Amino acid sequence: MLKSMTGFGRAEQTVNDKTFLVEIKALNGKQFELQLKLPPLLRPYEFEIRNALQESLIRGTIDCTITIKQNGTSKPVNINTDLIKAYYSQIESLAAELKIDTNSVLSALLRLPEVVTPTNDVLSETDFSEFHKVLQAALSDLNLHRTEEGAVLEKDLIKRITNINEQEEAILKLEPNRKKRIRDEINMLLEKNVGKENIDNNRMEQELIYYMEKIDIHEEQIRLRQHCEYFRSILQEPDEGKGKKLSFILQEIGREINTTGSKAYDADIQKCVVKMKDELEKAKEQVLNVL
């Protein structure tokens, strides 16, 4: 079973006077890269939250936003009254000089820098325990999306590998005629340029055997078949993170396909090689999305 690296998870729950909201978006990434936005109340728990995200999501570019809405009259802010008085004293002097009314100046004072600031309150252990359940719910939601997308990816990858196998079987059927054609072409070329009576048949046979061994693609086809079977077996493994391993196997498959093409010297086999390369590129694109 495969998991995709992309997905979205969301969970919201109200506990006592607080509403916790967790939103997590996951995209492709070679490693685990996390952008975490936390409210001040959760700053002391940042390390635990990061560990929970990495343990559950493993790999990918993760964007996690956590918000806490404070319900009721209790708000996590401080009003710096001394600073307001200092601001007002200067504004009052300026207003007297300019003869400006200061009756409605309070709302403007509250918007000045450092006048209203978040408190240094920390979420209690009990509330954090409740928040952790919300975080796990969001992670479960995201992983469900990953699993659903992974099933689609797995189906497509199996199709690509099956298509490569079909072309490999087609090459296997073309191989005997290819060798016979190459042998006949060499004989005709020698008879034309050297003369049939001047050909040393024993030497000719030795050279043909040497040449045929150099362009033989039997081993490449065996390895290609084995790589494809190995790829399928990895798909069935219970491990979640296997995108990198599948990518490495596709590289090996590509190596055997390229070697087959360089040795082919046959138009029909080259057509099969082109089709295999096309399927391989599509598989590589899909594997980039696998966890």
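Observations on the model:
- Filter pass, SER89 being farther than 20 Å from THR19 by Cα, at pLDDT 80 or above, among the hydroxyl-bearing types (Ser, Thr, Tyr) and under 49 Å from the mean Cα position of the chain (by Cα): no
- Filter result for ARG160 (modelled with pLDDT of 70 or more and farther than 25 Å from TYR230 by Cα): no
- Residue list for segment 32-72, filter: under 18 Å from GLY7 (Cβ atoms), surrounded by 13 or more Cβ atoms within 10 Å (Cβ to Cβ) and not aliphatic (A, V, I, L, M): PHE32, GLN54, SER56, ARG59, GLY60, THR61, ASP63, CYS64, THR65
- Residues in segment 14-66 that are without any contact (Cβ under 8 Å) to a residue 40 or more places away in the chain, under 18 Å from LEU291 (Cβ atoms) and part of a loop (DSSP other than H, G, I, E, B): GLY29, LYS30, GLN31.
- Screening PHE8 against (1) of a type in the set (Phe, Trp, Tyr); (2) within 17 Å of LEU142 (Cα to Cα); (3) free of Cβ contacts under 8 Å to residues at least 12 places away in the same chain leaves a single unmet condition, (3).
- For LEU2, the test of being part of a loop (DSSP other than H, G, I, E, B), touching a strand residue (DSSP E or B) at 6+ places or on another chain (Cβ under 6 Å) and not basic (Lys, Arg) is passed.
- Only listed residue being at pLDDT below 95 and closer than 30 Å to LEU2 by Cα, chosen from ARG111, ARG146: ARG146
- Flag if SER74 is farther than 25 Å from GLY241 by Cβ, modelled with pLDDT of 80 or more and over 42 Å from the mean Cα position of the chain (by Cα): no
- Residue that is surrounded by the most Cβ atoms within 10 Å (Cβ to Cβ), among those in segment 244-266 that are at pLDDT 90 or above and small (Gly, Ala, Ser): GLY254
- Filtered residues of segment 237-271 (kept if more than 17 Å from the chain's Cα centre (by Cα) and within 14 Å of VAL290 (Cβ to Cβ)): GLU237
The values are calculated or read from the model by the stated rules, or taken from the named source; none is laboratory data. Everything numeric in this text was worked out from a predicted model, so none of it was measured. Note that we place each Cβ from the backbone using ideal geometry, even for glycine, and neighbour counts take in every protein chain shown.
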